[in-house]
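> Sharing a structure below in structure tokens format, with a few things to ask.
Quick note: the coordinates plus some simple rules give every number you see, no bench work behind them. This structure is a prediction, so every number in the text was calculated from the model and none was measured. A quick note on method: Cβ atoms are made from the backbone with ideal geometry, for glycine too, and the neighbour counts reach across all protein chains shown.
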Amino acid sequence: MATEKVNLPGSQHEEPIPQQPPQRVFHIYLDGISHRHVTITDSDKKTAIYKIDANSGSIFSSKPHMSIYRCGPSQTLVGAITFHSMSSDIDVEIHGKAASLCKGGLFTRTYEFRSQAAGTALWWKGDGAFSSDLKLVGAKDAQGSEQVFARFDRSAMAMSKEGKLLLASGLDEIATDEVVVSGMAVIEHARRKRNE
């Protein structure tokens with residue numbers, strides 16, 4: 001981890017202060033009035049990284065409700081999301097492997113799933129009591145601190161922008177795909193609930 005040296009007040013020597021590692025920033029855009037298509041761009045807000053096709057999500061619509069593709073010379077399907085009409089749990093498929101995001105309770109915004117990339121349980125949870133923002137965290141360490149793998153900051157005032165996804169540095173492509181698929185599942189579930 002990089003450090004910078006600063007002079008502390010009343011100190012005759014310099015103390016190193018750790019700097020935060022750089023984050024990768026994705027921007028999430030809703031296309032059209034029905035929001036049936038979503039584009040996730042890189043930090044430049046232009047380069048498409050993922051394309052998402054969605055249907056209405058009603059009990060009569062086909063499944064999966066969302067298909068997520070990584071952009072490139074040929075679009076590659078990286079994940080699929082299926083919602084349930086009688087449950088808040090969400091089924092996802094990431095690189096052909098099934099997983100479930102299980103809601104922690106009736107009055108919580110926490111979803112737990114078993115991460116294939118991390119090999120352990122991770123949680124998407126609210127990032128503040130009165131906020132629509134989310135964070136993806138692992139189990140607490142011995143000091144009681146959570147490792148934060150990603151954050152979602154919702155754009156409350158923008159019509160076509162859902163928000164931005166900030167990913168911790170060092171995530172490989174598989175882990176990034178998992179963050180995007182699981183994150184979009186929770187984000188879209190919340191968006192559909194707001195619009196009911």
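> What Kirkwood radius, in Å to one decimal, follows from the Cα pairs of region 21-194?
16.3
> Related question: In region 21-194, with Lys and Arg counted as +1 and Asp and Glu as -1 at Cβ, which of these residues, M157, G96, T108, has the Cα nearest the positive end of the dipole, that is, farthest along it?
M157
> Can you tell me the FRET efficiency between S85 and R194 if r is taken as the Cβ-Cβ distance and R0 is 25 Å, rounded to the nearest 0.05?
With R0 = 25 Å, the Cβ-Cβ based efficiency is 0.90.
> Just need the relative contact order of region 21-194 here, percent rounded to a whole number, with Cα pairs under 8 Å and 6+ apart.
18
> A121 to S169: FRET efficiency via 1/(1 + (r/R0)^6), r the Cβ-Cβ distance, R0 25 Å, to the nearest 0.05?
Result of the calculation: an efficiency of 0.70.
> In addition: So how much slack lies between K161 and K46, counting 0.36 nm per residue of separation and subtracting their Cα-Cα distance, in nm?
Working: separation 115, 0.36 × 115 = 41.40 nm, distance 1.30 nm.
Stretched out fully, the K161 to K46 stretch lengthens by 40.1 nm.
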